[in-house]
Structures are given as C-alpha cells and as structure tokens.
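What follows is calculated from the coordinates using simple rules that are stated; it is not laboratory data. Computed from a predicted model, the values in this text were never measured in an experiment. Positions of Cβ are generated from backbone atoms using ideal geometry, with glycine treated the same way; all protein chains shown enter the neighbour counts.
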Amino acid sequence: MSGAANMTMTRCDWFNLDILGARMRISRIAAVLIVAAACLMLQSSLTLAQSRPPELAANSRVIIDYIDPRLQRSQATMERLKKRQVLEDLSMFLSPLKLPRVLRVRTKSCGQVNAFYVPAEWAINLCYEFYENLEAIAPNKPTPQGYTRDEVIIGGFIDAIFHELGHALFDMLNIPVFGREEDGADQLSAFLMLQFGKDVARTTIKGAAFTYLSAKNPRTRTEFAAEHGAPAQRFFNYLCLAYGGEPEAFKEFVDQNILPKSRAESCTREFHQVRRAFAKTILPHIDQDLMKRVQSIQWLRPSDGKQ
Ligand SMILES: [Zn+2]
C-alpha cells in the first residue's frame, strides 16, 4: 500500500503502482474474471460456450460486494466487473476452502492503484483503479517479447487477487511464514496459477510477469527498504516458479535467456519448496472433492480481457 494513512491497518498491497506512467483509462475492460485461476484458458474457442456448473455453490463464508465508486469514471468499470460476475465467480472458485470465519471481498475506489488485505476487517479490497491501470498498461498489440493484452489484464488481475488471498489465508488460518510475507503471498499466487494446466499457467504467469516487468524499480537505497521485492525480482521469481512447476511450458524463457540459466537451475527445487508449504499449511483446509470440481471448470473465457 502506498498511502501512509492506510499503512497501519492494511497489509499487503499488491504493489505500489507506478507502472509505465499509469494513465488510467476506463474505457475498456474486459472483465476479467478473476478467479481464475482456475481456469482453462482462452485459447480455443471451443469450450467457450461451456460455463461453470450451476450446482457449484458459492462459499457461504465469502461475502462479496461491488461498492459504488467514488469517481464517475469508475462506474463503467464496476458495471463491467458486475456483468462478468467476477466476484461471484471468485466465491465459487473458493468453495473448497474451509474458512474459520467470514472473508469479505469487495471492489471499490481506493484513490490509488492497488489491491490490499485488511486484517482488522478480514477483507480483500480490489481497487477499480488497479483494474483500470491494467487496461492502461496492457499492450494493444502483442509485444515483440510475446506478451498480449489479454494476458496482462487477466493475469495481472488474477495475480492481485491471489496475492491478497495469500495474505488473507496466512492471517485467517494462522499460517506461520518464514521470510517476507510479501514473498510468501507472491509464491502462493504463482503456485495457484500453475494448478490448472499449462495454458492457464502461461496466460496468467505471463500477464503477471509483464506487470512486474513494466513497473519502476527502486532508484534509491531507501526505496529498497520496502516490504515488497523489487519488481525486477518479482518478475524473475514468478518465471522461476513457473519454470520449476511446468518446465516445458516455460522453457522458452530459459532458452531466450530471459530467465538466466544460473537461476533456472534452482527453480525445480524452489517450486517443490512452495508445494510442500502449500500441502502442509493450506491443503488441510481444502475440501478435496470440491477442489477437483473447481479444477475441472473453465473459469477463463475467450471473451475475458476483451473490450
Ligand atoms: Zn502483499
């Protein structure tokens, strides 16, 4: 979180924005769906028409809310997210999770480009400004490095949700975390993105990586004191876990030396470290049968990320 006023009551902003000059534009959005993670990607059009089984109930301990924006320009953003039922999907996606208390997830105006978890309220706040910024920084045409607009909007938004979900789970499930909590939340986010097949992994990881690639890195010694890793480090961390978990799907990043071989050599071990942590701390709180049903659903639609 970048606002000092919120510093004492919030944890974990997704990151302080400042991405590429962040011009906010509301015109387009694709409602991203969120939850994604779950999902099956936008690659082919055939499964498009399929949607989630209606019998998959929402998590009764997840309370969602689209809060009216303070700025008129975000009204359209809220309406698009509502129409796409982003929060409703998220609640269904979280249905296997056995929470000890109610988790609130809401979209709202924050006055800054951010997403953050508020421990005192057991609440994840997803800012309209954050989503609008993703639309602003997403390339209209695929970049020379191969990043697409859909990947950036979908992957960037899902990453924010999963990162904040990480903070929420660490808090609500009383999970001890070695190392910086911000790094742990990033690791959980990347790990979740890797649980729904190679296509979903590529869409979401690439999109998230692009946002870190685009963000400004610290320029002064003091800026390195931040809770979060520098964007450049987060970029490599996501690619490393992706390569460690799905080597074939992310091999090109190593072949092209985007992920240096010196780091790539440790990525399998890093991925297994995160997987063990997940199995030990979070998996016991997940209904396995429901989880399989969630993994079988197509969460991402080809139309997501489109205007
Ligand atoms: Zn955080």
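With labels modelled as points extended 7 Å from the Cα through the Cβ direction, what inter-label distance (nm, one decimal) is found for ALA76 paired with ALA226?
Reported label-point gap for ALA76 and ALA226 is 3.0 nm.
Stokes-Einstein diffusion coefficient for region 160-227 at 37 °C in a medium of 0.692 mPa s, Rh from the Kirkwood formula over Cα pairs: what value in µm²/s?
In µm²/s, the coefficient rounds to 245.
Could you work out how far the C-alpha centroid of region 134-163 sits from that of region 59-131, in angstrom?
19
Could you sort out which of LYS98/LYS198; LYS83/LYS216; LYS216/LYS280; LYS83/LYS198 sit more than 31 Å apart by Cα distance in this structure?
In this structure, LYS83/LYS216; LYS216/LYS280 exceed 31 Å between Cα atoms.
If one computes P(r) from the Cα atoms of region 56-137, what percent of pairs lie at distances over 21 Å?
28
Which value in Å does the Kirkwood hydrodynamic radius of region 138-285 take, with 1/r averaged over all unlike C-alpha pairs and then inverted? Please report the intermediate quantities before stating the final value.
Details: mean 1/r = 0.0640 Å⁻¹.
Radius from the Kirkwood sum: 15.6 Å.
Going by amide H atoms built from the backbone, whose H comes under 5 Å of the H on LEU97, apart from near neighbours?
HN-HN under 5 Å from LEU97: ASP287.
Show me 198-205, 158-165 ranked by packing, highest mean number of other Cβ atoms within 10 Å first.
In decreasing order of mean packing, 198-205, 158-165 become 158-165, 198-205.
Under a point-charge model restricted to the Cβ atoms of Lys and Arg (+1) and Asp and Glu (-1), what is the dipole moment magnitude of region 196-277 relative to its Cα centre, in debye to the nearest 20?
Charge dipole, region 196-277, about its Cα centre: 180 debye, nearest 20.
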